[in-house]
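K.L.:
One structure, as structure tokens, below. Some questions next.
Values in this text are rule-based calculations from the coordinates and carry no lab data. A quick note: this is a predicted structure, and the numbers were derived from the prediction, not measured. A quick note on method: Cβ atoms are made from the backbone with ideal geometry, for glycine too, and the neighbour counts reach across all protein chains shown.
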Amino acid sequence: MTALISLSGINKTYASYHALRDVSLDIGAGEFFSLLGPSGCGKTTLLRTIAGFETPETGHLRIDGRDMLRVPANKRPTNMVFQSYAIFPHLSVAENVGFGLRRSGDNRAEKAARIDEALGMVGLSGYGDRAAHALSGGQRQRVALARALILKPKVLLLDEPLSALDKKMREQMQSELRRLQRQVGITFVLVTHDQEEALIMSDRIAVMFEGAIAQVDTPQGIYRAPRSQQVAAFIGMMNFLPGTVRSDGGQLLADIAGLGTIPLPGDLAATARLGAAQFGLRPESLSIMFGSDPLPTGLFSDGTVAERAYYGDMTYYDIDLPGGASPVTCSMKNLLSRPVLEPGSAVRVAWEPGALSLFQDV
Amino acid sequence: MRGLRVYTLVYLLFLYAPILLLPVFAFNASTVIAFPLAGFTTEWFTELATIPALHTAVLTSLKIAGVVAVVSTLLGICAARAAARYRFPGKAGIMGLIMLPLILPEIIVAVALLVVFLQVGLPLTSLTVILGHVLICTPFCVAILNGAFQSLDPALEEAAVDLGETGWGAFRLIILPLVMPGIIASLLIAFTISMDEFIVAFFVSGSDATLPVYLWGQLRFPQRLPAVMALGTILVAASVLLLTLAELARRRGVRRRGGQDTGGFL
């Protein structure tokens, strides 16, 4: 992978806090890359640094091999979709979309053709004459996209573009953004606080906390192998079970509260240290055994349903395990053959040791 | 509820009755300002056309008001833009000082200005009135323009820059059209205030009497009183017209931005 955007050693401080801490990151050409983190983690500051709206105190930013930090925002090969969309309210849809062409030197007919093409790309053909302030939220978003893409930037920056939309519209725009990105082949950098959105849309994700990058990986990599407890807790749901790693006759054993003692799985053993640890287990790696299901593989524990949350397609059960510190959450698909269990029901839980994560944060 | 309605009526009557008397006596065919009315006449309006000193005063006032409207609106744009867009040390204090003339007793301002002009050696002319009026009008302009600038999404300007415009281009193409209704409202209000202002003009106008100063002078001559009433009627009508235009411009601006009307200056 050749890096299109290359950030190194970026630091940015505001009067009272450190917004970016030594951020280094490579984003490849044609990637759909997400900056994911809770609000205030610096992801928007990082995006605005790439766009040229923030100037870091230290570090380097290269786009396509060119040093960018001294290049003003209006000369950078990036375009941005703002969180508020920033549609110019006094201009028509076509004037909004064509705004960036003012300095292109195209003649009137060429501009009109490019505007039509851009509007068609976002599914707004024929909307050119509408007044921009009369558009719905979803339409504004499309206008903002068309306006940014018409200049064929090397990088499209998206600052929480879907956060203002309702759930249905958001899901539709997620797949549409994905399709658009494949179609135009431009590098997309998306800022979002919604981990689900990042998982669905991205080729790679950078998870950020407190101005620093905690992990960069593919969605599967981040979900399956979170490098820290903080990342694991932020992405999806994870049960954290206290325990210890100890050695018995040359073999590493794990004592896990509620689940018992097991030989430490091979991939964890490579990096494990002796002593206290937190074990992580995703809810889908635990399953309640229903009589009608075929016998699952893995290990078994007996427990009691403490609480349940019914989601329609799934039910999430909190299960008390004897010796466990707190209930573990387990997600079950609601098959017709499975009754929805009430709190208090005695259950047998099967779980996969291979799905365990091990955190020994210092 | 009934009591409140009566209260409102009495309140409005108290506010506007004196002003309503202006046209009544302006059209009254008697030089004595008193009831009962003598009959209908437009004589006082035609008399206005025959007084050269009045014409000079009107022209002086129009000239002064025009310059004051432009200068204080320009100053207002700079202040409102700075307040909306930038953060700098002492910002709250500076904005407070700009707004201070709003609440300072005008007579104090007028005396202070007179002292300063005399000390500096500036002759009392239209220029000194303009300086005084700019001081008084600028806070009103800042208040109006602040509303216009504050309601703009800062991302609008960034979006224009992101799409290749320079800072000045973004201001000219995006910010200026969007605050234009505010600018028009500011021009009209500053113009109206300057036209009507008496105290500062009285102190610093020297020989270039403005219309209010001229009117004040005419009150010494009882036979001129009906003509003053006629002039007052015209001024009230013009003021109402200008302020209505200003408010319409502001509302149009709110609608054009598709925003919520949060109540304007009027």
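K.L.:
Show that you can apply the helix-only estimate: for the protein assembly as shown, add -39,500 (n - 2.57) for every DSSP H stretch of four or more residues, divide by all residues, and state [θ] at 222 nm to the nearest 500.
P.N.:
-14000 deg cm²/dmol
K.L.:
Could you go through region B:30-46 in sequence order and give the Karplus-derived ³J(HN,Hα) for each residue, using 6.51 cos²θ - 1.76 cosθ + 1.60 with θ = phi - 60°, rounded to whole Hz, and x for Gly and Pro?
P.N.:
Couplings: 7, 7, 8, 7, 6, 7, x, 6, 8, x, 8, 8, 10, 4, 5, 5, 5 Hz.
K.L.:
For the modelled label position 7 Å from the Cα of A:Ser345 along Cα-to-Cβ, which residues of region A:273-288 have backbone nitrogen atoms closer than 16 Å?
P.N.:
Only A:287-288 pass the distance filter.
K.L.:
Pop out the ³J(HN,Hα) list for region A:159-173 in order, Karplus 6.51 cos²θ - 1.76 cosθ + 1.60 with θ = phi - 60°, rounded to Hz; leave Gly and Pro as x.
P.N.:
9, 6, x, 9, 5, 8, 9, 6, 4, 4, 5, 5, 5, 5, 5
K.L.:
Moving on. Quick one: go through region B:178-193 and flag any residue whose amide nitrogen is under 20 Å from the point 7 Å out along the Cα-to-Cβ line of B:Val236.
P.N.:
B:192-193
K.L.:
Could you let me know the centre-to-centre spacing of region B:163-234 and region A:10-87, using Cα atoms, in angstrom?
P.N.:
What the calculation gives is 48 Å, centre to centre.
K.L.:
Could you size up the charge dipole of region A:91-146 around its Cα centre, putting +1 on the beta carbon of Lys and Arg and -1 on that of Asp and Glu, and report it in debye to the nearest 20? Walk me through the numbers before you get to the answer.
P.N.:
Details: 8 positive and 6 negative charges, 33 e Å.
Here region A:91-146 has a charge dipole of around 160 debye.
K.L.:
I would also like to ask the following. Which distance in Å, rounded to a whole number, links the C-alpha centroids of region B:14-36 and region A:239-260?
P.N.:
Answer, in whole Å: 100.
K.L.:
Turning to a different aspect of this structure: Only counting other Cβ atoms within 10 Å, I'd like A:Val189, B:Val213 sorted with the fewest neighbours first. Walk me through the intermediate numbers first.
P.N.:
Numbers: A:Val189 27, B:Val213 21.
Final ranking by Cβ density, sparse to dense: B:Val213, A:Val189.
K.L.:
In chain A, what percentage of the DSSP-assigned beta bridges are antiparallel, given to the nearest 5?
P.N.:
The answer is about 75 percent antiparallel.
K.L.:
Quick one: if you stick a label point 7 Å off each Cα along the C-beta vector at A:Ser84 and A:Ser8, how many nm between them?
P.N.:
Each label point is offset 7 Å from its Cα along the Cβ direction, giving 3.7 nm.
K.L.:
Still on this structure, please answer the following. Under a crude label model (7 Å from the Cα following the beta-carbon direction), how far is B:Leu20 from A:Val184 in nanometres?
P.N.:
With each label point 7 Å from Cα toward Cβ, the separation is 6.4 nm.
K.L.:
State, as an integer percentage, the relative contact order of chain A based on alpha-carbon contacts under 8 Å between residues 6 or more apart.
P.N.:
Dividing the mean separation by the residue count of chain A yields 15 percent.
K.L.:
Among DSSP bridges having both ends in the protein assembly as shown, what percentage is antiparallel? Round to the nearest 5.
P.N.:
80
K.L.:
State the answer as a single residue: which of B:Ile107, B:Gly253, B:Ser207 lies farthest towards the positive end of the charge dipole of chain B, with beta carbon charges of +1 for Lys and Arg and -1 for Asp and Glu, about the Cα centre.
P.N.:
The residue sitting most towards the positive pole is B:Gly253.
K.L.:
While we're on this one: B:Ile103 versus A:Gln251, label points 7 Å from Cα toward the beta carbon: distance in nm?
P.N.:
Calculated label separation equals 8.2 nm.
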